[in-house]
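The values are calculated or read from the model by the stated rules, or taken from the named source; none is laboratory data. Model, not experiment: these values are computed from the prediction. Neighbour counts run over all protein chains shown; Cβ positions are idealised from the backbone, glycine included. The area values use the complete protein model at the heavy-atom level, side chains included, leaving out ligands, DNA and RNA. Shrake-Rupley method; radii C 1.70, N 1.55, O 1.52, S 1.80 Å.
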Amino acid sequence: VSVDNDTAKKKSCNHNRTEVNITVEQYYLSNGSWPANDLSDVAGATNYFPNGLPTCPYSGAAYRLDPTTHRVIGHSGDADHSP
């Protein structure tokens, strides 16, 4: 994998992480509860991700939430793309 390709995948992962975190907040505001930590609640709802829940383009790992902070675990640095 080239350096440019790695950089693009990491940037895409950061974008996905941001989108998932925003969606988690929207879910909470709409439902009064947080989605499941494996994001199955939002993954199955096409109004949140019509094309399906994204996965990390760098590692291929599924995104999941920290049960305390309700934010995406991992995927935040060069060595941290697998939760």
| request: Tell me, yes or no, whether segment 21-43 has at least one residue that is touching a helix residue (DSSP H, G or I) at 6+ places or on another chain (Cβ under 9 Å) and within 21 Å of ALA8 (Cβ to Cβ). | output: no
| Between residues in segment 62-74 that are within 17 Å of ALA43 (Cβ to Cβ) and residues that are aromatic (Phe, Trp, Tyr) and open to solvent by less than 40 Å² (accessible area, probe 1.4 Å), which pairs lie under 9 Å by C-beta distance while being six or more apart or on different chains? | VAL72/TYR63; ILE73/TYR63
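Looking at segment 23-41, is at least one residue of a type in the set (Ser, Thr, Tyr) and at pLDDT below 90?
no
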| query | Which residues, taken from segment 9-28, are free of Cβ contacts under 8 Å to residues at least 24 places away in the same chain and over 13 Å from HIS70 (Cα atoms)? | reply | LYS11, HIS15
| task | Please tell me if ASP4 is open to solvent by 80 Å² or more (accessible area, probe 1.4 Å), out of contact with any Pro (no Cβ under 7 Å at 6 or more places or on another chain), of a type outside the set (A, V, I, L, M) and part of a helix (DSSP H, G or I). | result | yes
| said: I'm trying to understand the selection: among the residues of segment 59-76, which are in a loop (DSSP other than H, G, I, E, B) and within 10 Å of the chain's Cα centre (by Cα)? | reply: ALA61, TYR63, ARG64, ARG71, ILE73, GLY74, HIS75
| How many residues does segment 9-58 hold that are in a helix (DSSP H, G or I), more than 12 Å from HIS75 (Cβ to Cβ) and open to solvent by less than 50 Å² (accessible area, probe 1.4 Å)? | 5
